[in-house]
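Here the structure is laid out as structure tokens; the discussion comes afterwards.
The values are calculated or read from the model by the stated rules, or taken from the named source; none is laboratory data. All values derive from a computational prediction rather than experimental measurement. Cβ atoms come from the backbone with ideal geometry, glycine included; neighbour counts cover every protein chain shown. We work out accessible area using only protein heavy atoms, side chains counted, and drop any ligands, DNA or RNA first. Shrake-Rupley method; radii C 1.70, N 1.55, O 1.52, S 1.80 Å.
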Amino acid sequence: MKVPKAYSYLRFSTPDQSKGDSSRRQTELARDYAKRQGLDLDESLTFKDLGVSAFRGKNVHEGALGAFLKAVETGQVRKGSYLLVENLDRLSRDTVRSAFIQFTGILECGVNVVTLTDNKV
């Protein structure tokens, strides 16, 4: 049986936050979750939007979340994989409708979304 792949998505909104603990915290949460669940965390294909706002979808249109979505569409990220995020607000700060469409689009492609603060799939 092949071990499912997991991909982490790290985001914080402002460059000043790089001086804090956000990146380390999100990375550790992803590593810990993958280890506990027996997932293969692909650290060669980590998606990071460091200092990129999710407001109005900038992280999708100009950032690494858009690259992740493209990787899903092209099959580089396969069905059954896991996207590990600290909280859902890391994915989007857009309107509820836009965020919902984006979220369900990921799920419809067969990718599981995990929120690491509460370990919900």
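Observations on the structure shown:
Yes or no, residue by residue, for (1) touching a residue at least 24 places away in the same chain (Cβ under 8 Å); (2) β-branched (Val, Ile, Thr):
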{"position": "81", "(1), (2)": "yes, no"}
{"position": "84", "(1), (2)": "yes, no"}
{"position": "87", "(1), (2)": "yes, no"}
{"position": "90", "(1), (2)": "yes, no"}
{"position": "95", "(1), (2)": "no, yes"}
{"position": "101", "(1), (2)": "no, yes"}
{"position": "108", "(1), (2)": "no, no"}
{"position": "111", "(1), (2)": "yes, yes"}
{"position": "115", "(1), (2)": "yes, yes"}
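- Inclusion of residue 72 among residues that are farther than 14 Å from residue 10 by Cβ, free of Cβ contacts under 8 Å to residues at least 40 places away in the same chain and in a strand (DSSP E or B) is not warranted.
- Among residues of segment 23-39 that are under 12 Å from residue 9 (Cα atoms), those with a Cβ under 7 angstrom from a residue that is open to solvent by 40 Å² or more (accessible area, probe 1.4 Å), sequence gap 6+ or separate chain, pair up as 23/50.
- Test: residue in segment 29-44 that is modelled with pLDDT under 80, closer than 21 Å to residue 119 by Cα and outside any helix (DSSP H, G or I): no
- Within segment 87-100, if we keep just the residues that are crowded, with 17+ Cβ neighbours inside 10 Å and outside any loop (DSSP other than H, G, I, E, B), the residue that is farthest from the chain's Cα centre (by Cα) turns out to be 99.
- Selection of segment 55-69 for residues being part of a helix (DSSP H, G or I) and at negative phi yields 55, 58, 59, 60, 61, 64, 65, 66, 67, 68, 69.
- Identity of the residue in segment 101-110, under 15 Å from the mean Cα position of the chain (by Cα) and in a helix (DSSP H, G or I), that ends up nearest to residue 71 (Cα to Cα): 106
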